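Some notes on the structure that comes next.
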Amino acid sequence: MATDRTGALLVGSIWYTEGENVELFEKIADMQAYLAEAKARGERIGFVPTMGFLHKGHLALIRCAREDDEVDRVVVSIFVNPLQFGPREDYRDYPRDLERDKELCLSGGTDALFVPAVEEMYPEGFATHVEVTGVTDILCGRSRPGHFRGVATVVAKLFNIVQPDSAYFGIKDAQQVVVIRRMVADLNFPVKVKVHPTVREEDGLAVSSRNVYLGPEERQAATVLYRSLKLAGEAIARGERDAARLKQFIEETITAEPLARLDYAEVVSWPDLKPIESLQPGEVLLAVAAYFGRARLIDNLLVEVKA
Ligand code: PAF
């Protein structure tokens, strides 16, 4: 990885300056012992759960935790969670690069990294799952059966292990945010869930670890996702209130791109993710998922509907 003379690190087209030290824990007991000491000193924990192969979006979450007045110590987890991948999904191929991730964590101001093995998180005999119902019936929940059960289960475990005061998620995974907020409320986790806006490349593509799967032409084609959402947002600003017409408009924009294979385009209420017919004043979520080659990408736009 490139560094300049000051030791700053080049990530994509952005330079980051390194911090001092990051402690790495692979065992739950060691992570907990470290956190127990921090908590005994009255320190408040900010937590960024990730699946690694970190990018600008993760860095934004880490920085957000680092700069949060309610946080003294920043913990990042890196765990590619097998439970949230379907049998024909990319669990085995999911990009991994721990050395690069460690450098990025350092540059973002991480104090401790939790990197458990699968057997540490799911030992022989593991049999408990967390299932959030209702808000998981649509969007990615419909396309990826079992995905949010895997997400809720691992996040519940990570929350129990780290016991953070604040946890940080990107709104790019809008349905994930809704699922986690529901779980936190329903199961009384004493965690503040804090949400960061989607980080985008210059041409609008939402940053994602899966962008690495894109060939140059697919990379260009993938910009259609955000373009379709923005065009629909503009239609809403001009007065369009019919959800079916908006959905059709987004679908047509995406399918006009030959390299895109649409999974879904939906217009749903926010934050309860219910199908809607006519847009009412308040917030509405436009959400899309499509394949470009083997990369399944998602994106969304939260739009304020005026009265
Ligand atoms: O958003 C992610 O990277 C994952 O779904 C999460 C929250 C780390 C759980 O594995």
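Computed quantities for the displayed model
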| read-out | value |
| --- | --- |
| Residues located in the stretch 104-130, provided they are more than 13 Å from residue 62 (Cβ to Cβ) and either β-branched (Val, Ile, Thr) or touching a Phe, Trp or Tyr at 6+ places or on another chain (Cβ under 8 Å) (or both) | 114, 115, 116, 118, 121, 128, 130 |
| Residues that are in contact (Cβ under 8 Å) with a residue 40 or more places away in the chain and of a type outside the set (Asp, Glu), drawn from the stretch 118-133 | 121, 122, 129, 130, 132 |
| Qualifying residues in the stretch 154-174 (those that are within 11 Å of the chain's Cα centre (by Cα), assigned to a helix (DSSP H, G or I) and surrounded by fewer than 23 Cβ atoms within 10 Å (Cβ to Cβ)) - the one farthest from the ligand (Cβ to nearest atom) | 171 |
| Some residue of the stretch 207-215 being under 24 Å from residue 272 (Cβ atoms) and away from the ligand (no atom under 16 Å from the Cβ) | no |
| When residues of the stretch 251-265 are limited to those that are open to solvent by less than 40 Å² (accessible area, probe 1.4 Å) and under 20 Å from the mean Cα position of the chain (by Cα), the one farthest from residue 240 (Cα to Cα) | 264 |
| Boolean, residue 221 is touching a residue at least 12 places away in the same chain (Cβ under 8 Å) and within 16 Å of the ligand (Cβ to nearest atom) | no |
| Strands (runs of 3 or more DSSP E) completely within the stretch 40-131 that count 3 or more residues being under 18 Å from the mean Cα position of the chain (by Cα) and within 16 Å of the ligand (Cβ to nearest atom) | 45-50, 73-78 |
| The lone exception for residue 180 - which of (1) surrounded by 17 or more Cβ atoms within 10 Å (Cβ to Cβ); (2) touching a Leu at 6+ places or on another chain (Cβ under 9 Å) it fails | (2) |
| Residue check for residue 151: within 13 Å of the ligand (Cβ to nearest atom), touching a residue at least 12 places away in the same chain (Cβ under 8 Å) and not in a helix (DSSP H, G or I) | no |
| The lone exception for residue 22 - which of (1) crowded, with 19+ Cβ neighbours inside 10 Å; (2) modelled with pLDDT of 95 or more; (3) of a type in the set (Val, Ile, Thr) it fails | (2) |
| Some residue of the stretch 226-242 being within 19 Å of the chain's Cα centre (by Cα) and either open to solvent by 10 Å² or more (accessible area, probe 1.4 Å) or away from the ligand (no atom under 16 Å from the Cβ) (or both) | yes |
| Residue ID - surrounded by the fewest Cβ atoms within 10 Å (Cβ to Cβ), chosen from residues in the stretch 68-111 that are under 21 Å from residue 195 (Cα atoms), free of Cβ contacts under 8 Å to residues at least 40 places away in the same chain and among the acidic types (Asp, Glu) | 69 |
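Residues are listed down the side, and each one gets a yes or a no for (1) among the β-branched types (Val, Ile, Thr); (2) farther than 30 Å from residue 211 by Cα:
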{"position": "22", "(1), (2)": "yes, no"}
{"position": "32", "(1), (2)": "no, yes"}
{"position": "35", "(1), (2)": "no, yes"}
{"position": "39", "(1), (2)": "no, yes"}
{"position": "43", "(1), (2)": "no, yes"}
{"position": "58", "(1), (2)": "no, no"}
{"position": "61", "(1), (2)": "no, no"}
{"position": "66", "(1), (2)": "no, no"}
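The values are calculated or read from the model by the stated rules, or taken from the named source; none is laboratory data. Worth saying up front: this structure is predicted, and the values here are computed from it rather than measured. Using ideal geometry, Cβ is built from the backbone for each residue, glycine included, and neighbour counts are taken over all protein chains shown. These accessible areas exclude ligands, DNA and RNA; they are computed on the full protein's heavy atoms, side chains included. Shrake-Rupley method; radii C 1.70, N 1.55, O 1.52, S 1.80 Å.
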